[in-house]
1. Taking His72 and the conditions (1) assigned to a strand (DSSP E or B); (2) touching a residue at least 24 places away in the same chain (Cβ under 8 Å); (3) surrounded by 15 or more Cβ atoms within 10 Å (Cβ to Cβ), which numbered condition does it fall short on, given that it satisfies the others?
2. Go through region 75-98 and count every residue that is at negative phi and either outside any strand (DSSP E or B) or surrounded by fewer than 17 Cβ atoms within 10 Å (Cβ to Cβ) (or both).
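Where a number appears in this text, it was derived from the coordinates with a stated rule and is not lab data. Since this is a predicted model, take the numbers as computed values, not measurements. As a convention, Cβ positions derive from the backbone with ideal geometry for all residues, glycine included, and neighbour counts pool all protein chains shown.
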Amino acid sequence: MRKLLIAAIIILGVLCITCEDSEYYARIELYNPDGYTVSYSGSFESDLVEKTEVSGETPAPYEIEVNPEGDHVKATFWKTGDDFTNELVIELIYRGVTRQSETVLTPYTDIVILECDIP
């Protein structure tokens, strides 16, 4: 049982690494540069994927399927809660390159919209 669990973890790790640089996925990373937990809400979409609404706490990665021959990715995020101190960083990454990055400090009022065209 233990060997099966270890094998599953290794396989999931390999799958995550290969998806990260895949031309068929864009990645959205939400984090705090100091490692603090920050609450957020938002959504993301592409020409292939309908709008997906999410909420949670950092750190959080999301992958979104894209058409490498031409697509448009849009991500909209904001901080929730009453944390006026810790930053929320949102990055839109395609093929291992950060295409756009924004930082949010004020909850609810600072709304970030990231967009990029593939390729």
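1. Every condition holds for His72 apart from (3).
2. 9
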